[in-house]
Amino acid sequence: MAITYPTTLDAFTNPTTSSLLTSPSHAQQHSDINDAVEALETKVAIGNTVLGTYTSYTPTFLNVTAGNGTTTGAYCRVNNFVHYYGSFTLGTTSAVTGAISIVLPINLNADMSTTFMAHGLCWYYDLSATTPYLGVTRYNASVTSVFASTMNVGATYPTGTNANATLPMTWATGDIINFNLYYRAA
């Protein structure tokens, strides 16, 4: 039998205690199991991660002019689960021009598209004031990007406000946006 994994699950014939070594073929049984294990190893991969491999990815943003800023990032997909992280440090020709959205490397599943669903964390750093700010990422009516929000603690309970040109600070050279997202892929 030729294995069909990972396209479909294989249907092996299990021998019984009364089966002869020829029914099913003992040699074929070993061959099938070896092929299946090799297919599993190929699917799971090798390296420092248990499942999947991180792919370098340059983050992009909506309402941010990258200019000579510095971006780093990577993502990993395991089945429909995506982990995506990155960082952007503003350069002298960078600018935040509106509500910041982070463009996703793999589209978000529509069942995660609810206004109040958070998909990860953001951390903003104001270099001149040496002040960090915490935020979340949330759905922005698109499956291709998410809003970067900042936490507003002016009330009894924190609320989220979209990070923009003046929130959580007025952006300048050296300021940083970090994010760490987890979501279900389309």
Review point. For region 144-162, what are the residues that are hydrophobic (A, V, I, L, M, F, W, C) and buried (at least 18 other Cβ atoms within 10 Å of the Cβ)?
Key: VAL146, PHE147, ALA148
Study note, to complete from the structure: Restricting attention to region 98-125, the residues that are among the hydroxyl-bearing types (Ser, Thr, Tyr) and loosely packed, with under 13 Cβ neighbours inside 10 Å number exactly 2
Revision key, fill the gap. When every residue in region 163-182 that is assigned to a strand (DSSP E or B) and either touching a Cys at 6+ places or on another chain (Cβ under 6 Å) or of a type in the set (S, T, N, Q) (or both) is compared, the one surrounded by the fewest Cβ atoms within 10 Å (Cβ to Cβ) is ASN180
Revision key, fill the gap. SER128: passes all of (1) exposed (fewer than 14 other Cβ atoms within 10 Å of the Cβ); (2) free of Cβ contacts under 8 Å to residues at least 40 places away in the same chain; (3) within 17 Å of PHE88 (Cα to Cα) but (2)
Practice item. Please work out if GLY120 is over 15 Å from LEU104 (Cβ atoms) and either under 19 Å from the mean Cα position of the chain (by Cα) or not assigned by TED's automatic domain parsing to the domain that holds THR72 (or both). Key: no
Point to revise | Selection count where residues are closer than 26 Å to THR166 by Cβ and either touching a Leu at 6+ places or on another chain (Cβ under 6 Å) or surrounded by 13 or more Cβ atoms within 10 Å (Cβ to Cβ) (or both), scope region 77-96 | key: 10
Practice item. Report the residue count in region 139-151 for those that are under 19 Å from HIS83 (Cβ atoms), among the hydrophobic types (A, V, I, L, M, F, W, C) and in a loop (DSSP other than H, G, I, E, B). Key: 1
Review point. Which one of GLY98, GLY91 is among the small types (Gly, Ala, Ser), within 15 Å of VAL64 (Cβ to Cβ), in a loop (DSSP other than H, G, I, E, B) and at pLDDT 95 or above?
Key: GLY91
Review point. For GLY154, are the conditions met, namely being in the same structural domain as GLY67 (by TED's automatic domain parsing), at positive phi and in a loop (DSSP other than H, G, I, E, B)?
Key: no
Practice item. Spot the failing condition for ALA66; the list is (1) exposed (fewer than 13 other Cβ atoms within 10 Å of the Cβ); (2) under 16 Å from THR173 (Cα atoms), and only one is missed. Key: (1)
Review point. Can we say GLY73 is part of a strand (DSSP E or B), at pLDDT below 95 and of a type outside the set (A, V, I, L, M, F, W, C)?
Key: no
Review point. Can you tell me which residues in region 52-63 are touching a Pro at 6+ places or on another chain (Cβ under 6 Å) and either modelled with pLDDT under 95 or surrounded by fewer than 17 Cβ atoms within 10 Å (Cβ to Cβ) (or both)?
Key: none
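The values are calculated or read from the model by the stated rules, or taken from the named source; none is laboratory data. Everything numeric here is computed off the predicted structure, so don't read it as measured data. As a convention, Cβ positions derive from the backbone with ideal geometry for all residues, glycine included, and neighbour counts pool all protein chains shown.
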